[in-house]
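These notes concern the structure reproduced below.
The values are calculated or read from the model by the stated rules, or taken from the named source; none is laboratory data. Here the structure is a predicted model, which is why all the values come from computation and not from measurement. Counting neighbours? That spans all protein chains shown, and the Cβs are built from the backbone with ideal geometry, glycine included. Accessible surface areas use protein heavy atoms only, side chains included; no ligands, DNA or RNA. Shrake-Rupley method; radii C 1.70, N 1.55, O 1.52, S 1.80 Å.
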Amino acid sequence: MKHVPHTFSVIDAHVHVHPGSAGLLAEIMEANGLGKVVNLGILEALDIPFEEGMRAFQKALGERMVIFTTPNFRDNAPGFGQRMAEDLERKIGAGALGLKIFKELGLRHRDADGDLIAVDDPRLDPLWAKAGELGVPVLIHTADPVAFFQPLDEDNERREELQEHPKWHFGGPGFPDHDTLLGQRNRVIERHPSTTFIGAHLGNYPENLAYVDGCLDRYSNFHVDTSARIGEIGRHPAREARAFFLKHQDRVIFGTDLTINWNDAEEDEQDMAAYRRFYDHHRHFFETDERQIEYPGFPIQGRWTVDAIGLPDEVLEKLYVRNAQRLIPGL
Ligand SMILES: [Zn+2]
């Protein structure tokens with residue numbers, strides 16, 4: 001591997017780390033050249049009081065971690081969008097730098113009548129507008145891999161993973177399909193041109209780079225992160241994936257989906273060598289021209305290998321640092 005001697009430290013703009021693991025995270029950051037991380041929605045997801053969680057993170061990591069807050073969808077009584085907007089303003093005042101939306105929006109969250117809340121439900125407009133008004137980005141996870149919406153049979157290419165995580169399967173009745181969900185998300189982006197949106201997981205269509213390319217062309221307020229999708233991005237011919245990253249070099253931010261002690265404790269702390277391998281696999285993918293290598297997290301997302309895309313140094317710097325700094329004021 002060429003091992004680019006970075007003159008900068010990398011920002012991982014997509015992690016979920018429990019405050020109790022902040023010390024371990026500091027070690028991981030040290031060992032892997034990470035200058036900052038963006039921790040998404042963990043405090044609300046774990047019901048940790050916001051100020052208390054912020055203090056715990058600050059104590060262990062100081063300025064090296066920033067927090068995105070996430071709305072409380074258990075409050076689904078009329079007026080919820082307005083209250084979510086007010087809560088966002090309060091959390092931003094308390095030090096959060098952005099808003100995280102989990103995939104449950106569109107798939108599971110229901111209103112007081114028991115109806116699914118669509119991603120583009122107008123009752124949420126006050127929330128998206130507030131983010132724009134405050135100048136903070138919305139990191140939005142909508143839908144999931146295409147295979148998660150397909151029948152869970154022998155032909156499903158993510159079968160092993162779905163058997164481990166049955167709740168990730170949305171191929172049964174009662175769920176909107178993959179493309180419907182992305183259509184809902186796109187309408188939100190279109191309706192709120194002065195709000196910055198970052199689509200998690202390469203906008204959740206890494207299987208179809210032309211689709212993501214079209215979204216980025218259409219919506220100048222849309223950006224994407226790379227989290228947890230090297231396994232998909234790297235299945236395209238390297239020339240095509242590389243062309244995508246070159247064309248959209250100002251619109252893609254680096255994130256990994258590093259998860260430590262999430263509530264269901266499926267991802268427990270691992271040894272330092274495993275974290276090292278995880279970040280090395282990312283660097284190999286973006287920085288070398290190696291062929292048929294393992295993606296980060298191999299083999300859970302499928303038993304295939306990927307081709308690296310060898311980005312030039314100035315594009316790497318945008319991917320790893322500059323784009324996140326520009327899109328997340330205060331980072
Ligand atoms: Zn995530």
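Of all the listed residues (Asp289, Asp268), the sole one being part of a loop (DSSP other than H, G, I, E, B) and at pLDDT 95 or above is Asp289. Within segment 187-232, the residues that satisfy the criterion of being in contact with a strand residue (DSSP E or B) (Cβ under 8 Å, 6 or more places away or on another chain), in a helix (DSSP H, G or I) and away from the ligand (no atom under 16 Å from the Cβ) are Val188, Ile189, Val212, Cys215, Leu216.
Kindly list, by first and then second residue, each pair from a residue in segment 91-102 that is open to solvent by 30 Å² or more (accessible area, probe 1.4 Å) to a residue that is more than 16 Å from the ligand (Cβ to nearest atom) and in a loop (DSSP other than H, G, I, E, B), limited to pairs with Cβ atoms under 6 Å and residues at least 6 apart or on different chains. That search, which allows pairs on different chains as well, returns Ile92/Val136; Leu97/Gly330. When you look at Ala22, is it at negative phi and at pLDDT below 95, yes or no? So Ala22 passes the test. Would segment 234-253 turn up any residue that is within 19 Å of His16 (Cα to Cα), within 16 Å of the ligand (Cβ to nearest atom) and under 18 Å from the mean Cα position of the chain (by Cα)? Yes. Within segment 139-156, the residues that satisfy the criterion of being surrounded by 16 or more Cβ atoms within 10 Å (Cβ to Cβ) and either away from the ligand (no atom under 16 Å from the Cβ) or acidic (Asp, Glu) (or both) are Asp144, Val146, Ala147, Phe149, Gln150, Leu152, Asn156.
Just give me the residues in segment 233-245 being out of contact with any Phe, Trp or Tyr (no Cβ under 7 Å at 6 or more places or on another chain) and not in a helix (DSSP H, G or I), in sequence order. His236, Pro237, listed by residue number. Checked against (1) in contact with a strand residue (DSSP E or B) (Cβ under 7 Å, 6 or more places away or on another chain); (2) among the aliphatic types (A, V, I, L, M); (3) open to solvent by 60 Å² or more (accessible area, probe 1.4 Å), Ile253 passes all but a single condition, namely (3).
In this entry, Ile28 passes the filter for residues that are in a helix (DSSP H, G or I) and either β-branched (Val, Ile, Thr) or open to solvent by 40 Å² or more (accessible area, probe 1.4 Å) (or both). Within this structure, Gly255 fails the test of being in a loop (DSSP other than H, G, I, E, B), in contact with a Phe, Trp or Tyr (Cβ under 9 Å, 6 or more places away or on another chain) and not aliphatic (A, V, I, L, M).
Of the residues making up segment 168-186, those that are within 16 Å of the ligand (Cβ to nearest atom) and open to solvent by 50 Å² or more (accessible area, probe 1.4 Å) number 1. Looking at (1) at pLDDT 95 or above; (2) on the phi > 0 side of the Ramachandran plot; (3) not basic (Lys, Arg); (4) not in a helix (DSSP H, G or I), which is the only condition Asp113 fails? Asp113 satisfies every listed condition except (2).
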